[in-house]
1. Find which of Met196, Ala250, Ile352 sits farthest along the positive direction of the dipole of the chain, computed with +1 on the beta-carbon of Lys and Arg, -1 on that of Asp and Glu, about the Cα centre.
2. Grab the DSSP H runs of the chain that are 4 residues or longer, score each as -39,500 (n - 2.57), total them, divide by all residues and round the 222 nm result to the nearest 500 deg cm²/dmol.
3. Taking only protein heavy atoms into account and a 1.4 Å probe, give the accessible area per residue of the chain in Å².
4. Rounded to the nearest 10 Å², what accessible area does Asp166 have for a 1.4 Å probe in the complete protein model?
5. With a point put 7 Å past each Cα toward its Cβ, work out how far Ser460 is from Ala261 in nm, to one decimal.
6. Counting only protein chains, not ligands or nucleic acids, how are Ser203, Ser318, Ser460 ordered by accessible area (probe 1.4 Å), most first?
7. In debye, nearest 20: dipole of the range 60-379 around its Cα centre with unit charges on the Cβ of K, R (+) and D, E (-)?
8. Rounded, prolate or oblate: which fits the range 82-241 when a ≥ b ≥ c are the square roots of the eigenvalues of the alpha-carbon gyration tensor, with rounded for a/c under 1.5 and prolate only if a/b beats b/c?
Amino acid sequence: MHLDTIIHGGTVVTASETTRADVGIAGDKIAAIGKDLKKSNANGAVLVNAAGRYVIPGGIDVHVHLALPFCGTVSADDYDSGTRAAACGGVTSLIDFAIPYGDESLQDAVDNWHARAEGKACIDYAFHVAITKWERHRKEIKKIFKKGYPTFKQFMIYEKEGWQSDDAAMYGALEILKDLGGMLLVHAESSRVLDMLIERHHSKAEMKKHGAYLHTMTRPNFIEAEAIERVIHWTRVTGSRSFIVHMSTAEGSDLIREARAQGVNILAETCAQYISLDDRVFKKKDGHLFATCPQLKTPRDQKRLWDGLRDGEVCSVSTDTCTFTRKQKAMWKGDWTKIPMGMPGLETLLPIVYTLGVRKKRITVNQFVDKCCTTPARTMGMYPRKGAIRVGSDADITIIHPTKTRRVDFKKMQTNCDWSPFQGWSLAGFAEHTFCRGRQIVEDYKFVGKNGYGQFIPRSHAGEV
Ligand code: URP
Ligand code: ZN
Ligand code: ZN
């Protein structure tokens, strides 16, 4: 058999198995998995020594915003820096959100996001499509779906941005997606009560006293929980499929567990920041840098989310990468409602989940692969092309050292960000080597990929677990 590359001597870890095996790549696919592939290396394939390493499917980050116009600025990582960061973090596919602005159609949004990615991306990508104007966009859903976009997104907040959906829009979108076999992703926060709480505390005196901690004070856990309850309700009555993005609370995890036990077809992801950081950061000098939406919660929530990852109600981990530099974050000028919300994350996703999950024995190494690679591919309609080490799958492969740590330093990373939420943390699980569709894009922890190599991955369905 003709092989271009043989990864030999490593331990192949999938969502269900850990095996000593070599992996052979031919072109852009995995062509062979077996013992001693090196022995039959007739055509002089490139050999990659993975002895003492884990060989896993490339990570898939299903929640990313690159170059997003948001909060009066544009997020600082684009398809150049963002996908380089992803590669160095062992992520080989990402899914961004194509969001219509003003009177744009869903097709306009899709075209705009393709234009951002083409020629720049060095890993593969796909798009969820945001429905922001129900009456205008509902007629387009079927056509867009058929073109390879089976996942749509609605926001229950962000009225000022013009992105907010009401319950009728959610009900209507779920009905349409049920018939098509798609899935609705929802940013679940209860906007009316949230706005009232923000208004209640929005005074000079309070801002002077509490600073960025007001972000936490005005977003109690019930803000997320009430909204998730409504998504569960509409998913149940329509019999459709939904997916809660960036779930951050213990209450949310309990609700998802209960709903799934009752047969409601609802999934929930969390993000690396919610299982590694907590809201005490907002009391620190520079605490405003950590503002995201929803915000970081408490150690109790963190523990519950880890339990959910282990037990199943939290199906995957993403990043919600939405990078803002110090200068951009400085736009807040002491008013927490003006902080550009979001953080960098693509380069640290796998290291955070691996170090805090596997090394701290909260999840197994197979669960790590499941949560960061395989289940993201399944739920978003990319499996088994992506998220798997099996013959015929794309040769998206990440090789990590099980114990060797590296210190996080934004200065040495690919992101355009001039700070990191994990600055100085010592993490294992960085990509020593990354392959995307057979091409090596990281070698010995160094980026060796190429802009424009990344391909759009069309999808035909979503919601599988
Ligand atoms: O803080 C965040 N998450 N920024 C991006 C927008 C969103 O709600 O996902
Ligand atoms: Zn969101
Ligand atoms: Zn987001």
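1. Ile352
2. Details: 15 runs with 128 residues, N = 465.
Helix-only estimate at 222 nm: -7500 deg cm²/dmol.
3. Details: 17270 Å² over 465 residues.
So the chain comes to 37 Å² accessible per residue, rounded to a whole number.
4. Solvent-accessible area, nearest 10 Å²: 90 Å².
5. The answer from the label model is 3.7 nm.
6. On the way: Ser203 45, Ser318 0, Ser460 80 Å².
Largest accessible area first, the residues go Ser460, Ser203, Ser318.
7. On the way: 45 positive and 41 negative charges, 168 e Å.
So the magnitude is around 800 debye.
8. Working: a/c = 1.98, a/b = 1.30, b/c = 1.52.
Oblate is the answer for the range 82-241, as a/c is 1.5 or above yet b/c matches or exceeds a/b.
The values are calculated or read from the model by the stated rules, or taken from the named source; none is laboratory data. This structure is a prediction, so every number in the text was calculated from the model and none was measured. Here the Cβ is made from the backbone with ideal geometry for all residues, glycine too, and neighbour counts use every protein chain on show. These accessible areas exclude ligands, DNA and RNA; they are computed on the full protein's heavy atoms, side chains included. Shrake-Rupley method; radii C 1.70, N 1.55, O 1.52, S 1.80 Å.
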